[in-house]
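Q: One structure, as structure tokens, below. Some questions next.
The values are calculated or read from the model by the stated rules, or taken from the named source; none is laboratory data. Predicted model, so just to flag it, every value in this text is computed and none were measured. Because the Cβ atoms are built from the backbone with ideal geometry, glycine has one as well, and the counts that use them run over all protein chains shown.
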Amino acid sequence: MVRGGLISMLYSKTTELSITAVEPSASMILMSADIERITTGWQTMNELWAGILEVGLAIYLLQRQLGAASAIPVAISIS
């Protein structure tokens, strides 16, 4: 959905440009690369917060099973 919205916004901006200002085919190639970079960044950002949540939940569950001994695997993974 984000990709479709970004493409339509960039396309409308591209159509407003003067023909003599830039070459249209070059702007379409750049638009495709920019959209790909933005969507990859969003995916990475989504995986980042989900990974942090998953690690926190794993540490909590490990602490429930092992008690204070769960600090040793956490310390090893941090260092």
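Q: Would you point out the residue of the stretch 10-28, among those that are surrounded by 11 or more Cβ atoms within 10 Å (Cβ to Cβ) and either under 19 Å from the mean Cα position of the chain (by Cα) or hydrophobic (A, V, I, L, M, F, W, C) (or both), that is modelled with the highest pLDDT?
A: Checked the stretch 10-28; the qualifying residue modelled with the highest pLDDT is Leu10.
Q: Still on this structure, please answer the following. State all residues of the stretch 38-79 that are within 11 Å of the chain's Cα centre (by Cα) and exposed (fewer than 10 other Cβ atoms within 10 Å of the Cβ); if no residue qualifies, say none.
A: Thr44, Trp49
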